[in-house]
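Novice: Okay, here's the structure, questions in a sec.
The values are calculated or read from the model by the stated rules, or taken from the named source; none is laboratory data. Since the model is a prediction, treat every value here as computed from it, not as a measurement. Every residue, glycine as well, gets a Cβ built from its backbone with ideal geometry; the counts of neighbours run over all protein chains shown. Side chains are part of the model used for accessible areas, which takes the heavy atoms of the whole protein and leaves out ligands, DNA and RNA. Shrake-Rupley method; radii C 1.70, N 1.55, O 1.52, S 1.80 Å.
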Amino acid sequence: MESNTKEKLISVNVSGALPFLEKEPDFKAAAKALKTLREGNGAGNDFLGWLKLPFSYDKVEYARLRVCADRIRKDADALVVIGIGGSYLGARAAIEFLRSPRHSEACPAPKIYFLGNGIDASDVLQVLELVKGKSVYVNVVSKSGTTLEPALAFRIFKELLEKEYGKEGARKRIICTTDKARGALKSLADAEGYECFTVPDDIGGRYSVLSPVGLLPIAAAGIDTDELLKGAAEQAELGESEDPQANPSLLYAAVRQALYRQGKKVEILSCPSESLRFISEWWKQLYGESEGKQGLGIFPASCVFTADLHSMGQYIQDGERMLQETFLAVKDSGVKLAVPSSAENADGLNYLTGMDYADIYACAKEGVKQAHIKGGVPCTEIEMAAKDERSLGALIYFFELACAVSGYMEGVNPFDQPGVEEYKKNMFALLKKA
Ligand code: PA5
């Protein structure tokens with residue numbers, strides 16, 4: 001069974017999952033969840049801004065964002081992007097996928113460093129060392145403007161920039177992405193006169209990659225954000241359909257929920273490339289924070305193949321049978337590398353001479369899929385048409401929509417994250433925050 005998308009930027013194939021189901025996926029429940037979402041009468045309905053974002057984004061602010069990104073690209077050797085969770089993962093995912101996981105070595109300036117996503121002194125010190133003597137810009141991203149990890153890193157980089165460039169120079173190099181009115185970061189930005197971009201009120205962190213949260217760093221990396229938004233808009237149009245054959249988000253949501261109800265409580269997103277690692281990290285936050293509540297939820301895990309077949313392969317094949325697997329793939333990566341011939345054939349690899357890496361991976365993937373299905377792991381396949389902005393925009397929207405539908409099918413509010421506050425309360429008490 002394959003969904004029938006218009007241009008097929010995203011295809012979903014559930015033929016490796018359906019044979020595991022005792023009954024049909026509940027497509028009626030998926031369509032009802034979509035209707036609830038679109039009519040805005042479900043839980044968390046004040047956080048639905050992402051649904052129409054690819055069409056309704058603030059065009060004036062977006063034009064200013066593009067100008068700012070161009071200025072960074074022209075002036076900066078290094079851009080330090082400070083943020084955590086939903087204020088970090090989407091931008092990093094897009095940049096590593098469309099540029100390179102080694103973008104700071106492999107891509108033209110500006111080098112992009114992500115900070116404030118932990119409390120790790122060595123990480124901060126290393127970036128301070130790496131940007132020494134360079135023209136540095138900072139984009140600090142925090143919707144609440146009060147999150148400790150990015151606030152700590154920003155305090156250090158604000159001081160660095162003021163020391164290097166003076167107050168006035170620092171002002172030109174610090175850009176804040178935050179709430180339009182509230183929070184310590186907004187107050188600080190207003191007091192210092194920093195350029196600000198807004199995280200819309202009705203968009204939660206993990207749904208914010210297509211807002212200025214993600215778009216500024218992504219544009220500063222030289223990625224075409226017009227195309228990204230275009231791909232998301234195309235997918236949003238498909239997402240209006242209540243037919244799972246036309247709307248791949250419904251198909252994916254219904255099948256993973258059906259598997260969950262049969263005890264497949266862990267979903268592994270298996271990716272073919274390091275460049276997709278942070279797409280998985282973004283996906284894990286999106287699904288984990290949206291569905292993991294009230295004692296419910298599929299636990300999202302991820303693997304990068306084939307590397308992780310040599311570490312996690314044994315468990316997936318043969319461990320406890322609570323797994324479902326979703327293979328993420330790119331149809332046309334646009335990259336060619338053929339195996340050279342060798343006169344000695346000392347490594348015995350001449351049987352592969354002339355074969356492209358992509359064709360070798362295709363055999364590896366098919367072998368893995370067959371093995372995992374045989375081992376009792378239902379497999380769903382998601383394929384992006386190409387390694388480009390349009391396909392990525394479509395993938396982001398596809399996953400966001402499927403996540404919201406899946407959350408409603410599960411009976412939870414997919415837009416809150418009450419559990420995240422628990423560690424903060426303890427930490428701030430231990431830190432004696434006034
Ligand atoms: O999805 C979420 O809401 C969280 O992951 C937040 O994005 C994260 O905690 C960072 O919050 P803030 O942007 O307020 O600093």
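Novice: Which value in Å is the Kirkwood Rh of the range 68-174 over different Cα pairs?
Specialist: 14.0 Å
Novice: Fully extended, how many nm does the chain gain between ASP308 and LYS172 (0.36 nm per residue separation, minus their Cα-Cα distance)?
Specialist: Going from the current span to full extension adds 44.6 nm.
Novice: Provide the three semi-axes, in whole Å and in decreasing order, of the ellipsoid equivalent to the chain as defined by the square roots of 5 times the Cα gyration tensor eigenvalues.
Specialist: The equivalent ellipsoid of the chain has semi-axes of 36, 28, 21 Å.
Novice: Given a 1.4 Å probe and every protein chain left where it sits, what share in percent of the accessible area of the range 268-420 is carbon and sulfur?
Specialist: Answer for the range 268-420: carbon and sulfur cover 55 percent of the accessible area.
Novice: Ignoring ligands, DNA and RNA, what percent of the 1.4 Å accessible area of the range 60-167 is carbon and sulfur?
Specialist: That fraction is 53 percent.
Novice: When the gyration tensor of the range 80-126 is built from Cα positions, what are the square roots of 5 times its three eigenvalues, in whole Å, from largest to smallest?
Specialist: Working from the Cα gyration tensor, I get semi-axes of 18, 14, 8 Å.
Novice: Select from GLY133, GLY354, ALA301 the residue farthest towards the positive end of the dipole of the chain; place +1 on Cβ of Lys and Arg, -1 on Cβ of Asp and Glu, and compute about the Cα centre.
Specialist: After comparing all options, I get GLY133.
Novice: Give me the Å³ per residue figure for the convex hull around the C-alpha atoms of the range 122-179.
Specialist: 76 Å³
Novice: Taking the Cα atoms only, what angle lies between the long axis of helix 277-291 and the longest principal axis of the chain, rounded to 10 degrees?
Specialist: Once rounded, one gets 90 degrees.
Novice: Sticking with this one: ASP224 to ASP46: extension gain in nm, 0.36 nm per residue of separation minus the Cα-Cα distance?
Specialist: Separation in residues times 0.36 nm, less the Cα-Cα distance, equals 61.1 nm.
Novice: Which residue, chosen from GLY239, GLY222, GLN257, occupies the Cα position most advanced towards the positive end of the dipole of the range 202-275, where the dipole is computed from +1 (Lys, Arg) and -1 (Asp, Glu) charges on Cβ about the Cα centre?
Specialist: The Cα lying farthest towards the positive end belongs to GLN257.
Novice: What are the radius of gyration and Dmax of the range 177-253, computed over its Cα atoms and given in Å?
Specialist: Taking only Cα atoms of the range 177-253, I get Rg and Dmax of 16.4, 53 Å.
Novice: Still on this structure: Scale the Cα Rg of the range 292-371 by the rule-of-thumb value 2.2 N^0.38 Å and send over the ratio, two decimals.
Specialist: Working it through for the range 292-371, the quotient is 1.49.
Novice: Report, in degrees rounded to the nearest 10, the 0 to 90 angle that the Cα long axis of helix 59-75 makes with the longest principal axis of the chain.
Specialist: 80 degrees
Novice: With r defined as the distance between the Cβ atoms of SER100 and ASP120 and R0 fixed at 30 Å, what FRET efficiency is calculated, to the nearest 0.05?
Specialist: 0.85
Novice: Further question on the same structure: Take the alpha-carbon centre of the range 339-372, take the same for the range 153-206, and report the distance between them in whole Å.
Specialist: For the range 339-372 versus the range 153-206, the Cα centre distance is 50 Å.
Novice: Tilt of helix 27-39 relative to the longest C-alpha principal axis of the chain, in degrees (0 to 90, nearest 10)?
Specialist: With rounding to tens, the tilt is 20 degrees.
Novice: So which lysines pass the test for LYS265, namely a Cα distance under 24 Å, with those fewer than 8 places away in the same chain ruled out?
Specialist: Partners within reach: LYS23, LYS28, LYS32, LYS284, LYS293, LYS365, LYS369, LYS374.
Novice: If you consider only alpha-carbon coordinates, what radius of gyration and Dmax does the range 217-346 have, in Å?
Specialist: My reading of the Cα-based Rg and Dmax gives 18.5, 63 Å.
Novice: Each label point is 7 Å from the Cα along the Cα-to-Cβ direction; what then is the distance between the points at ALA343 and ASP202, in nm?
Specialist: Once both label points are built, they end up 7.1 nm from each other.
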